[in-house]
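FYI, it's all coordinate maths here, none of it is from the lab. All values reported here derive from a predicted model rather than from experimental measurement. Note that we place each Cβ from the backbone using ideal geometry, even for glycine, and neighbour counts take in every protein chain shown.
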Amino acid sequence: RASGTSGSGVGARGSQSTDGSTVTVHVAGAVVRPGVVSLASGSRVVDAVNAAGGLGAGADPDRVNLAAPLTDGERVMVPLVGQPVPEAVPPQGPGTGA
């Protein structure tokens, strides 16, 4: 599979795996369409970035591990060149003290 960092994106195609399991992640920062995307279980960060329309203008992909496997509920942050990466957002849910 190509790295998909050209910015063209592949949309949310393939968002369901054959067994129906998915991961849902929040893609934020320097992407074309930031937001929540659902992808097949076993997808990688590059798949989430592509589902969000690809890298946006000024994105710094060298500061994101595009090969990392996705975990349901995580936030993928793509910083701009020179932008400090914000702190991780802790999971929210019952009993987390939010």
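Using a simple spin-label model with pseudo-atoms 7 Å out from Cα toward Cβ, Arg75 and Asp62 lie 2.6 nm apart.
Summary of packing: across the peptides 61-73, 43-55, 25-37, the per-residue average of other C-beta atoms within 10 Å ranks them, highest first, as 43-55, 25-37, 61-73. Amide H contacts under 5 Å for Val31: Gly56, restricted to partners 5 or more places along the chain or on a different chain, H placed in the peptide plane at 1.01 Å from N. Converting phi to 3J(HN,Hα) with the Karplus coefficients 6.51, -1.76 and 1.60 and the offset θ = phi - 60°, the range 37-51 yields 10, 10, 9, 4, 4, x, 5, 10, 4, 4, 5, 5, 4, 5, 5 Hz in sequence order, with x at every glycine or proline.
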